[in-house]
Each structure stands twice: as C-alpha cells, then as structure tokens.
Amino acid sequence: MALDLAWLTSAIELQLQAQPFSGVVSVSRKTETLFAQAYGFANRAEAILNRVNTRFGTASGSKTFTGVAVCQLVDQGLIAFDTRLKDCLDIEFPHFAPDITVHHLLTHTSGIPDYFDEEIMPDEAFELLWHTRPMYTIRTPRDLLPMFQDGPMKFAPGTRFAYSNAGFVVLGLIIEQQTGMSFTDYVGQRVFAPAGMTDSGYFALDRLPGRTAYGYLEEDGGVWRTNLYTIPIGGQPDGGAFVTAPDMAKFWDALTGYKLLSPTVTRQMLHRHTVVEAGKDDRYYGYGVWIRMQVDRISHYYALGSDPGVAFVSALFPEDDVIMTILGNVEDPVWSLYGRLIDEMAAQLK
C-alpha cells in the first residue's frame, strides 16, 4: 500500500508549537526509510544537536529485547514457557508462589512484588528510589534483588495483569543462569548483533559512547538537568538499552523475518496472551511486546518505555511492514506527539 506522509511534518510542527520535542521521528517500510527527522539537543550544555542516528535510551521498551532473549532459550530447548521459576533459577524467593512460570513472568501475570509498583506509585517516585539505594550501585540484575526478593505476592499467578518491572529482572537472571553469560552480553551478542543493530547496546550512564543523547528534566525557571541521578547506572532486563531509529527498523525486520526466533516461537511471542485494556481499541500483551487491536485485526505491535528524561515508542504495523519509531530525551512531549501520530498512521494503513 502506498503511504502518504504529507500529514506527518505538519503534525510534528503542531507539536513543536505546543510543546518543544527533542528526539527523532522515523517511519520506514522494513529497513527502507520513508521519513526521518531529528529535533532538539543531544547535549544542551555543548549545543550538540540530535541526529537521525543518535542513540537514545528506551527505558521499559527494553523489555521487548528481554522477551526475545527468553524466547530464544525456549527455541534452544533450555527452558519452556511453562517451566516453573523454581526449576530454572537457583535464587531463593521465600514468599513467591511455587507455581510461577516463565509464561507468567513474560506476560506480567506472575503476581510477584515489584521494586517499583506502577499500579500504586506515581511516576515521580521512581527517582526517589535511588535516594536510599544509590543509582550508581545498580549495575547488574542481582543488584535489584534486595528491593523485591523478600516481598509478599500481590496475587495468585495467572489471575490478572499487573505490569511488573521485577518480573523482567527475574527473567534476566534466568537468562544469566541458563546461558552462563551476563544479561547485557547475551542480548548484545544474540539479539542486537544478528539483527544488525550495530549502534545499540546497554551503556553505563557514566561512560556513554559518542552520538548518545543525554536525558533531560526541566526544573522551575526553565533550567535543565540530566537524568544521571534518576535511573540505574547500568541497563537492566526491565529497561535501559540505548538504540537508534534505524536500528529499531532492523530489529522489527529481523524479528518478523525469523532471524532471531523460529517461526513457531515468533508467533508465540506475538500472540495476544493477556488482556491489558478492553474497549474500542483493545490492548493486549504478548511476550515482552504490546499489541493493539482495531476491531478484529491487529493494528500494531509496539515496544514502549518511559523514565525520567527518557521516552520511547516503536510500533510495527504488520500488514504493511511499516515501522514508526519516536525516540525522545525529554519525556512529556513524546507522548503528546505519539498521540498525534499513531491514530493517523493507523488510519492511513487501514
């Protein structure tokens, strides 16, 4: 289907007038770029502009990469989706239900306690976590364990959906035990590399490589500060990878082209396993990926994440192989822009 993107520039301009956006907007068909534009600064102090190939944080959007990595373990026969947690990870969780499975963890239906419970904690509380447990001590998945390991269950496994950061931390620990590799090394070598995502990685905040955007928060009086002290210093299974817009096009192409998983396991990853929100436009969750329905068809699969100074969404419209990615190093304007663009894109591709 031919795609008319004339509306895109004007929609972005309206957003820039209402609330300045800093980041990248990209639309591609498979890996062919149809539209790509950068806005704002990667480094405000040095007045370094964002570019189309600037690296941005993805926050919880990284859960999609963790989902792929766990699905690869299933493809390799190391675990199954119905493998119980206690049978694939030798870490003591004294109050966790014995029947928690990998499937429960992947679909946010495990019921385990969360170190940042988004059902009851406001977004601004995330930064406060690191006042008592300094962010510079959080470099590996094990560093997060004391924040939820001894907590009580929220509900019985499989009874409902409750977004769980801790659940994906546990999945990262499973990856480490089953492969003998660090989580970040595994994803770098087995997900990013075969997908051709040469600019992507888990970079520590105190040693960011070139062409990487700093995340920014605006304070009173229009003063900007970086997000250095607001998020863990090292990327984790529940968030923290850095990617570029071109690399996200490569990722979706590799996933749907069966370069990362077998066709059978790819279909299982992208299956609607649990309902997140029912209504006019139903939302579901697969294995580490969000799914939006329109009437009786899949509108798009998407990865999305938000942290202080970070906002990210990358959507695949499967019927047309169209990918739209929005990367931001200022948080709020991304969601306003996403709201302006996603419905129009869906309408264009009906």
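Only the coordinates and a few stated rules stand behind these numbers; no lab work does. In this text, all values refer to a predicted model and were calculated from it rather than measured experimentally. Don't worry about glycine lacking a Cβ; one is built from the backbone with ideal geometry, like all the others, and counts go over all protein chains shown.
I need every pair where a residue in segment 325-348 that is within 20 Å of T226 (Cβ to Cβ) has its Cβ under 9 Å from the Cβ of a residue that is of a type outside the set (A, V, I, L, M, F, W, C) and part of a helix (DSSP H, G or I), sequence separation at least 6 or different chains.
Listed by first residue and then by second, the contacts come to P333/Q15.
Looking at segment 2-35, which of the residues that are assigned to a loop (DSSP other than H, G, I, E, B) and of a type in the set (S, T, N, Q) is farthest from the chain's Cα centre (by Cα)?
This residue is Q19.
Go through (1) under 18 Å from F317 (Cβ atoms); (2) crowded, with 22+ Cβ neighbours inside 10 Å one by one and return the number of the condition A254 breaks.
Checking A254 against (1) under 18 Å from F317 (Cβ atoms); (2) crowded, with 22+ Cβ neighbours inside 10 Å, the one that fails is (2).
Among the helices (runs of 4 or more DSSP H) lying completely within segment 54-148, list those that include at least 2 residues that are touching a residue at least 24 places away in the same chain (Cβ under 8 Å), touching a helix residue (DSSP H, G or I) at 6+ places or on another chain (Cβ under 8 Å) and under 26 Å from G201 (Cα atoms).
Because the criterion is at least 2 residues that are touching a residue at least 24 places away in the same chain (Cβ under 8 Å), touching a helix residue (DSSP H, G or I) at 6+ places or on another chain (Cβ under 8 Å) and under 26 Å from G201 (Cα atoms), the helices (runs of 4 or more DSSP H) in segment 54-148 that meet it are 63-75, 102-106.
Could you check, for segment 198-209, whether at least one of its residues is among the β-branched types (V, I, T), farther than 19 Å from R142 by Cα, surrounded by 21 or more Cβ atoms within 10 Å (Cβ to Cβ) and in contact with a helix residue (DSSP H, G or I) (Cβ under 9 Å, 6 or more places away or on another chain)?
no
Restrict the check to segment 310-321 and report whether at least one residue is under 28 Å from W224 (Cβ atoms) and in contact with a Lys or Arg (Cβ under 9 Å, 6 or more places away or on another chain).
Taking every residue of segment 310-321 in turn, none turns out to be under 28 Å from W224 (Cβ atoms) and in contact with a Lys or Arg (Cβ under 9 Å, 6 or more places away or on another chain).
Identify all residues within segment 13-31 that are closer than 22 Å to T244 by Cα, surrounded by fewer than 19 Cβ atoms within 10 Å (Cβ to Cβ), touching a residue at least 24 places away in the same chain (Cβ under 8 Å) and of a type outside the set (S, T, Y); write none if there are none.
P20, R29, K30
Tally the residues that are under 15 Å from P157 (Cβ atoms) and either in contact with a Lys or Arg (Cβ under 6 Å, 6 or more places away or on another chain) or charged (D, E, K, R) (or both), restricting the search to segment 85-97.
Summing the residues that are under 15 Å from P157 (Cβ atoms) and either in contact with a Lys or Arg (Cβ under 6 Å, 6 or more places away or on another chain) or charged (D, E, K, R) (or both) in segment 85-97 gives 2.
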